[in-house]
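Working notes, structure below.
The values are calculated or read from the model by the stated rules, or taken from the named source; none is laboratory data. For clarity, every value in this text was computed on a predicted model and none was experimentally measured. Cβ coordinates were reconstructed from backbone atoms using ideal geometry, including for glycine residues, and neighbour counts include every protein chain displayed.
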Amino acid sequence: MREGQRRHLDISLESLINGNRNILGGEKIRQSDQQIHVKVLIQGTKSMPAVYLRSKLVPHGLLWSSKDQHRLYSVPTLDAVTLDLSRNYLLRYKLTHIMEEIIRTDAAKTPLRQRTPEYFVRKYLEHYAYPNNARRRRLIFTESDPNVDSNGNTRIPRHLRSVHKTEIFSLFASQAEWIYAYQCAKPKPRRVIDIKSWGEFIPTVNKARKNAAREGILWGWPIGGEPQLDEINEETSESDEAESSDIADRVRIIGKDAATMRRAIRNAKKASFKGKEPMTRALSRSPTPSSGDEPDPLQMHHYDTDFSESSTESASLSSSDEDSRYDIDPRIYDKVPLPLFRKPDPPRRDMRWWCPVRDCSYLIDMRNLTEENVGNLRGDIVLHLTSGNWRNFYEDRKVFYGFIDMVNSHYNDHLLKLGLKWTDAVDKERVLVWAHPKRRQ
């Protein structure tokens, strides 16, 4: 016989029990009335990567393939040790499956650029946190419980525990880098997330992980990736804020090497920035406090340390069409510090805001404003801010939008130092260009 070939044996369970070989007990088993349980151990070598919740053959489970004759196996359960080592893998694809289901069942057909982390958390709480069948079903119960039948169905509806959005954010945060890289590796038509907002989510997650760990709370860490003491005590630096740039070296995507992933992430980021503008321009569109149809800041700008819902358009990046009609010099975006592309954090509890740009010590103290802070504000807003008669940062519109304008003015100062400025385009759009293009020639 040739190497790798073997003689085909006509063996079946029936022949082993009822035949003359008596391998499985023979006559004793045939005469017994007891039910026979047979355990079959299969040993093989995996050929292709395992597929979880992604195969049409096993859409709700794990598919495993072997090299010998390309056999395919549905794996309903895992060994305890294997399961513990696979928890990160299973969670990643569970989240991906849920995200795709959220989009598939979204009656509003939310466009790609609005599929932010907040969007998926909100949809999960609406449709998945409290399934209807869970109110009348118990998985663990005793047969003596009069409220539960033999199948676990309850006669009286159960009171499900309250699921806080922090829990759901923690799940997405634990796999934020992988979700971001996995989606960047996909062709653009097959992506389910807004690359830009998820890229901004990652440094926010890194900061929140460390802050929670300093309080003794493990929040948002990947399974098995709990922090070391030196990581917890590290202060947030520029490298943390630009950490998405080295995701390719830290996150493994099946079938993609690090060089391929670096290229995929770079291309996805360029496509997401195309037609968009830095934070400074978006902030300058803030509606004035005199706007009659202005949304209530209490509802629209509520801040929560566990990642509240998005701010209004005035405090978020503009979402113009991805196919921009202007050719922006790509060197501009390489030159602008990354924090200028993000929504600014609100002041801390002490009402102080520090500029997040590296080596910048600019401070806005809402309770002790300087002439430099308020230099570009209207007189009535300056009087209101410095009077000390306001209390709530979010309820007082003049205070909120005054802060936005101060941040906007400071960010513009950074742009001027970099030799950049805003200019009007043909259709009243504004784009970021070099302030002195002739000098750069």
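As for segment 59-73, it holds at least one residue that is at pLDDT below 90, more than 14 Å from the chain's Cα centre (by Cα) and assigned to a loop (DSSP other than H, G, I, E, B). Condition first: assigned to a helix (DSSP H, G or I) and buried (at least 20 other Cβ atoms within 10 Å of the Cβ). Can you find one or more residues in segment 184-194 that meet it? Yes: one or more hits.
This table checks each residue for (1) modelled with pLDDT of 70 or more; (2) outside any helix (DSSP H, G or I).
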| residue | (1), (2) |
| --- | --- |
| Gly4 | no, yes |
| Gln35 | no, yes |
| Val38 | yes, yes |
| Leu41 | yes, yes |
| Pro49 | yes, yes |
| Leu57 | yes, yes |
| Tyr89 | yes, no |
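The combined condition, being modelled with pLDDT under 80, in contact with a helix residue (DSSP H, G or I) (Cβ under 7 Å, 6 or more places away or on another chain), in a loop (DSSP other than H, G, I, E, B) and not charged (D, E, K, R), is not fulfilled by Pro222.
Residue count for segment 417-430 satisfying the condition of being at pLDDT below 70 and not basic (Lys, Arg): 5.
Checked against the criterion of being part of a helix (DSSP H, G or I) and within 36 Å of the chain's Cα centre (by Cα), the candidates Asp405, Asp380 yield just one match: Asp405. Residue by residue through segment 149-167, note down the ones that are within 10 Å of Arg138 (Cα to Cα) and touching a residue at least 12 places away in the same chain (Cβ under 8 Å). Of everything in segment 149-167, those that are within 10 Å of Arg138 (Cα to Cα) and touching a residue at least 12 places away in the same chain (Cβ under 8 Å) turn out to be Gly152, Asn153, Thr154, Arg158. Please work out which residue is farthest from Ile364 (Cα to Cα), limiting yourself to segment 383-396 and to residues that are in contact (Cβ under 8 Å) with a residue 12 or more places away in the chain and in a helix (DSSP H, G or I). Across segment 383-396, the extreme among qualifying residues is His384. Residues that are loosely packed, with under 14 Cβ neighbours inside 10 Å and assigned to a loop (DSSP other than H, G, I, E, B) within segment 345-363 comprise Arg348, Arg349, Asp350, Arg358, Asp359, Ser361, listed in sequence order.
Selection over segment 365-401 of residues that are over 16 Å from Pro346 (Cα atoms) and in contact with a strand residue (DSSP E or B) (Cβ under 6 Å, 6 or more places away or on another chain) gives a count of 0. Among the residues in segment 157-175, are any farther than 30 Å from Ser144 by Cβ and in contact with a strand residue (DSSP E or B) (Cβ under 7 Å, 6 or more places away or on another chain)? No, every residue in segment 157-175 fails to be farther than 30 Å from Ser144 by Cβ and in contact with a strand residue (DSSP E or B) (Cβ under 7 Å, 6 or more places away or on another chain).
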